[in-house]
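Working notes for the structure below.
The values are calculated or read from the model by the stated rules, or taken from the named source; none is laboratory data. All figures in this text were calculated on a predicted structure; none of them were measured in a lab. Because the Cβ atoms are built from the backbone with ideal geometry, glycine has one as well, and the counts that use them run over all protein chains shown.
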Ligand SMILES: Cc1ncc(COP(=O)(O)O)c(C=O)c1O
């Protein structure tokens, strides 16, 4: 690739070289592994001092665009290639979640686990076993009974949620559980209270049911129960790990919420989407376990622990709602694939899932520490204020006053790093701004690179 510079331009020579190479990489003209000319050679070609070229190379390496090859030479880093960027590179910012069709070099958007940690060999083995056993019937709309038994035991053991398997319905992901619950409980015009900021897909689902959304603020104790309208029909919460801020709902708030729901006849949807990954503090009892009145629908998912591509989740349904929910479940799509359900049953029953969780938890815990340590370092410089984080696959951090969230995300996107933004999770105008850093898709090496890019961006601005 030719590098063109203008010796008379106001921008320094090193920054012109930096910019020329960086845009070459982002526009796909330079791909992973492409060699850059040795600094001495490029300096001679351009008629500049060698130190000018090494300064430009040094910045690009620090931002993760270039890396040194063993035995000498500088190449475009592995993670940056033609697919990392291109025209309309920023368009992926419209997609809050990673999407394989829109690949980004360093993807720190929250929402998905690492496909490299998926237990491919075991899942193939259990799927083959399930295909051999399958009997070409429609099966039970609540799910394969033996899976429900195993799953009920597993939830009891791992979460202390004592669920009767008859109340447990296997769903196509948590999202389908949300659909079934809102369709069963919410009529047009009903008030549905949601955390704000909160899980946008739940909110949009409730809006689709013509519900009136009551966005309720979240503080360091979780949803501010005192602000939930007493005539709300349903409340959606993520107590173990609030999405997206990451706060844990305190015990006093849990009890306050249950009392309110009992007194006012509300249904609580408890979304426990990622509490299998808890690293530092002691888990608090789920609302479902504290509920003595049958108010709570407890929803779980295998999207973070295994893969969202499997579309497997479950809901423990309060007895009153069960008949209507099952009737609807049958109308929608009868049940998730029996082959996938049988495979999951075998995988859980043989203890493979527990082994997988132990392994992945260790791995994600390391990534979590890398992100948390980084945030504490930059916090000391007053750039970001991390929210205390103990669990899950993402960490949120508030931006300092005067730093524009969207400017930061666009500048990072320009450098091949995609991060989530807090403001996108508000129902209305955002009252806080910040970054949501997911570490599901980036291993520690990729994370370190991405965090270096973020650090440099903050240092430069
Ligand atoms: C807050 C929250 N709930 C639930 C889910 C899981 O949804 P599903 O099981 O439909 O993949 C996610 C996934 O991103 C999530 O962020």
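Of note:
- Residue 143 within 16 Å of the ligand (Cβ to nearest atom), closer than 18 Å to residue 170 by Cα, in contact (Cβ under 8 Å) with a residue 12 or more places away in the chain and touching a helix residue (DSSP H, G or I) at 6+ places or on another chain (Cβ under 8 Å): yes
- Among the criteria (1) assigned to a helix (DSSP H, G or I); (2) surrounded by 15 or more Cβ atoms within 10 Å (Cβ to Cβ); (3) more than 16 Å from the chain's Cα centre (by Cα), the one residue 362 does not fulfil is (2).
- Qualifying positions in region 420-457 - assigned to a helix (DSSP H, G or I), within 19 Å of the chain's Cα centre (by Cα) and within 29 Å of residue 219 (Cα to Cα): 422, 423, 424, 425, 447, 450, 451, 454
- Per this entry, residue 178 is not counted among residues that are within 15 Å of the ligand (Cβ to nearest atom), closer than 19 Å to residue 428 by Cα and in a helix (DSSP H, G or I).
- Those residues of region 424-460 which are surrounded by fewer than 18 Cβ atoms within 10 Å (Cβ to Cβ) and free of Cβ contacts under 8 Å to residues at least 40 places away in the same chain, in sequence order: 429, 445, 459, 460
- Of the set (1) modelled with pLDDT under 90; (2) more than 17 Å from residue 242 (Cα to Cα), all apply to residue 389 but (2).
- Test: residue in region 326-335 that is more than 16 Å from the ligand (Cβ to nearest atom), out of contact with any helix residue (DSSP H, G or I) (no Cβ under 6 Å at 6 or more places or on another chain), more than 19 Å from residue 140 (Cβ to Cβ) and at pLDDT 95 or above: no
- Selection of region 249-259 for residues being closer than 17 Å to residue 318 by Cα and either at pLDDT below 95 or touching a strand residue (DSSP E or B) at 6+ places or on another chain (Cβ under 9 Å) (or both) yields 257, 258.
- Of all residues in region 264-322, those that are in a helix (DSSP H, G or I) and within 16 Å of the ligand (Cβ to nearest atom) total 5.
- Here residue 180 passes the criteria (1) in contact (Cβ under 8 Å) with a residue 60 or more places away in the chain; (2) farther than 29 Å from residue 345 by Cα except the one numbered (2).
- Check on residue 238, free of Cβ contacts under 8 Å to residues at least 60 places away in the same chain, buried (at least 23 other Cβ atoms within 10 Å of the Cβ) and either more than 14 Å from the ligand (Cβ to nearest atom) or within 23 Å of residue 109 (Cα to Cα) (or both): yes
- Filter result for the condition that a residue is surrounded by 21 or more Cβ atoms within 10 Å (Cβ to Cβ) and either within 16 Å of the ligand (Cβ to nearest atom) or in a helix (DSSP H, G or I) (or both), over 161, 170: 170
- Of the strands (runs of 3 or more DSSP E) lying entirely inside region 184-243, those containing at least 2 residues that are more than 20 Å from residue 429 (Cβ to Cβ) and in contact with a strand residue (DSSP E or B) (Cβ under 6 Å, 6 or more places away or on another chain) are 232-237.
- Residue count for region 198-212, restricted to those that are away from the ligand (no atom under 11 Å from the Cβ), within 21 Å of residue 272 (Cα to Cα) and in contact with a helix residue (DSSP H, G or I) (Cβ under 6 Å, 6 or more places away or on another chain): 1
- Members of region 119-139 found to be surrounded by 16 or more Cβ atoms within 10 Å (Cβ to Cβ), farther than 13 Å from residue 345 by Cα and at pLDDT 95 or above, listed by number: 119
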